[in-house]
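The values are calculated or read from the model by the stated rules, or taken from the named source; none is laboratory data. In this text the structure is predicted, and so the values were computed from the model without any measurement. Cβ placement follows ideal geometry from the backbone for every residue including glycine, while neighbour counts extend to all protein chains displayed. When the accessible area is computed, the model is the full protein with side chains, heavy atoms only, and any ligands, DNA or RNA have been set aside. Shrake-Rupley method; radii C 1.70, N 1.55, O 1.52, S 1.80 Å.
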Amino acid sequence: MKRRAVLYAAVPPDEGQRARFSAFLEKKYGEAFDLEFRESALFPGGFRLEAGAEVYDWSVGGRFRQLRDTLTQVAGEEGSIIPLMRTALAGWTPAAVAEEVGTVRAVGDGIAFADGLSHAEYGEILLFSDGTRGMVQTLSKEGVGCILFGDDGAVEEGSTVRRTKKRAGMPVGERFLGRVVNALGDPVDGKGAVEADGYRPVEAPAPSILDRQPVNEPLETGLVAIDSMFPIGRGQRELIIGDRQTGKTAIAVDTILNQKGKGVVCIYVAIGQKASSVARLVETLRTRGALDYTIVVNASAGESASMQYIAPYAGCAMGEYFMERGRDVLIVYDDLSKHAVAYRALSLLLGRSPGREAYPGDVFYLHSRLLERAAHLSEARGGGSMTALPVVETQGGDVSAYIPTNIISITDGQIFLESALFFAGQRPAVNVGLSVSRVGGAAQTKAMKKAAGTLRLDLAQYREIEVFTQFASDLDEATRRQLAYGQGLMRLLRQRQSSPVPTEEQVVVLVAALARVMQELPAERVEDFAARLRAWFVQNEAPLMESIRRTGTLSEEEKAHIIACAEAFARRDAEGGERV
């Protein structure tokens, strides 16, 4: 049985034209077609030939689309656009190019199903007749299912949809720094359009092992509790995990603030957050001078699940642009719990089989292919890095839930924030026992490694003694001193929000604290004493502080000098004569 082709035109073809159409189809597809003519006034001065799902549009509109696509490709090249456009127009002739066109079978809830796109590929962008864009997510014998980027109310059942043969991409470039954009790269901060330097696919393979080098350069957060015990290296993936309202975003923002003047490009991806919360965060970055080196990608709770799903990949594409140019990048995904929920909603609407907790079976791959793109590139690839700080929200401190365990197994460590510590006034509320950095000391400077010394061990001993002494009424002097020492260390790790501490100041305070200079101080005075001690060293020991900052090392002589100065400061403070 012959296949059928349909020809739409304003006037019927003569016998010669019919013969040429039949010969073209037979040469193109290797078989004969029955050619059916249908009169249509929609194609004056041209025709539209449909052979199955493929369409040859020789109408005025079809040729205009070819010209537009040619100029779009030219616009992506370097150099002055006017000569390039002139050259493109001078050499342009319309060609008999087949377009694969389908029909929308069903639409709703940000999802569309289409028939007739038999060659569509997973992740390909589809263009609907009203201009709405979608991305293919499901391929089946019945047709394709795609997620929509935009208002699904503009897409109607029975309308046409065509392939673009392009993958989803994100505009990237230096001019995005300091801007707030949505998941498609469109600015949402009211400051006008952003001129992109190019486009990158939102989905890209992670760098291979040969393209990477070890993670051995620190990326300081400015938080004593993290930099001293759970150091983060450039190219690392460190999870920030905890219940709602325990300071997860605060840690990420403090880390961004601490990169000022260090040449690190920061990207904050807000997924499912309240618009007011994102606005406050942007204002904090602006007032602190951090927005100049930061890009905010916002897919707020009011956005569709499709936009929330694509947002972290879009932010990652922006980060890769800078990383591959030898720059260091910090990217925050806040948070991947909401990202997984958005993907679950899309998957259920697309008809995928639910698994544990109604998540689809590939939810692990959802985050692994994202976080694996964080890397410290080899010198041959430019030596750039992208450090990822994914955020995950737990329920009732349950780190054994499905999504938290998935992401814990993907990342290189986690910073666990405990609700009980938070409500007890310990900010940041880092649980020292459950937090870990698998990169560890490799991402610390020698000065910080020497200064931190036995801090984790001392805190672990304090926690054990604290548990056992809860029920004891009579304590010996050694136990009392150990408790007081541990309480002082916990107070030392307290830090106000948006107040990152430079590494050299952290080193000085830790050396003094672990030498038990603050042993005799009441716990409630430790924070104030440490702040004044830091200020004294900045004011009176500038060469030492500069040496620690520049070299990252701390000699035994310098350590002894710090202890001696701290002890002298403590004596003067006890006598009421030391105020900075």
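Dimensions of the chain from C-alpha coordinates, computed as largest minus smallest value along each principal axis and given longest first, are 110, 55, 42 Å.
With a Förster radius of 25 Å, plug the Cβ-Cβ distance of residue 141 and residue 356 into 1/(1 + (r/R0)^6) and report the FRET value to the nearest 0.05.
Details: r = 28 Å, r/R0 = 1.11.
Efficiency, from the Cβ-Cβ distance: 0.35.
Between residue 288 and residue 567, full extension at 0.36 nm per residue minus the direct alpha carbon distance yields a gain of 97.0 nm.
The modelled label-to-label distance between residue 39 and residue 516, using points 7 Å beyond Cα along the C-beta direction, is 10.5 nm.
The residue list 493, 406, 540 was ranked by how far each Cα lies along the charge dipole of the stretch 398-546 toward its positive end, using unit charges on Cβ atoms, and 540 comes out on top.
What the Cα convex hull of the stretch 487-564 gives, in volume per residue, is 90 Å³.
Between 0 and 90 degrees, the angle of helix 336-349 with respect to the longest Cα principal axis of the chain falls at about 30 degrees. Angle of helix 81-90 to the longest C-alpha principal axis of the chain, folded into 0 to 90 degrees and rounded to 10: 20°. For residue 223, the residues 5 or more places off, or on other chains, whose built amide H falls under 5 Å of its own are 501. Note that the stretch 144-149 has calculated 3J(HN,Hα) couplings of 10, x, 9, 8, 9, 9 Hz, one per residue in order, obtained from phi through the Karplus relation 6.51 cos²θ - 1.76 cosθ + 1.60 (θ = phi - 60°); glycine and proline are x.
Which distance in Å, rounded to a whole number, links the C-alpha centroids of the stretch 515-565 and the stretch 244-308? Here the answer is 32 Å between Cα centres.
Please go through the residue pairs 2/27; 2/166; 260/559; 248/338 and name each one whose alpha carbons sit more than 25 Å apart in this structure. Intermediate values should be presented prior to the final figure.
Working: 2/27 15 Å; 2/166 32 Å; 260/559 28 Å; 248/338 14 Å.
Pairs exceeding 25 Å: 2/166; 260/559.
Helical content alone sets the calculated 222 nm signal of the chain at -12000 deg cm²/dmol, taking -39,500 (n - 2.57) per DSSP H segment of four or more residues and averaging over every residue.
Phi angles across the stretch 406-413 convert, under the Karplus curve 6.51 cos²θ - 1.76 cosθ + 1.60 with θ = phi - 60°, into 3J(HN,Hα) values of 4, 6, 4, 6, 8, 8, 9, x Hz, Gly and Pro given as x. With R₀ fixed at 25 Å, the C-beta to C-beta distance from residue 498 to residue 216 puts the FRET efficiency at about 0.30. Normalised radius of gyration (Cα atoms, divided by 2.2 N^0.38 Å) for the stretch 210-327: 1.10. Distant-in-sequence amide contacts of residue 212, defined by a placed amide H-H separation under 5 Å and a gap of 5 or more residues or a different chain, comprise 378. Of 370, 139, 42, the residue with the largest accessible area leads and the full order is 42, 139, 370 (1.4 Å probe).
Couplings for the stretch 280-290, taken from phi via the Karplus curve 6.51 cos²θ - 1.76 cosθ + 1.60 with θ = phi - 60°, read 5, 4, 4, 5, 4, 4, 5, 5, 8, x, 9 Hz in order; Gly and Pro are left as x. Take the Cβ-Cβ distance between residue 535 and residue 165 as r, set R0 to 45 Å, and report the resulting FRET efficiency rounded to the nearest 0.05. Result of the calculation: an efficiency of 0.15. Dipole size of the chain about its Cα centre, with +1 on Lys/Arg Cβ and -1 on Asp/Glu Cβ: approximately 540 debye, rounded to the nearest 20. Under a 5 Å amide H cut-off, with hydrogens placed 1.01 Å from N, residue 413 pairs with 239, 438 among residues at least 5 apart or on other chains.
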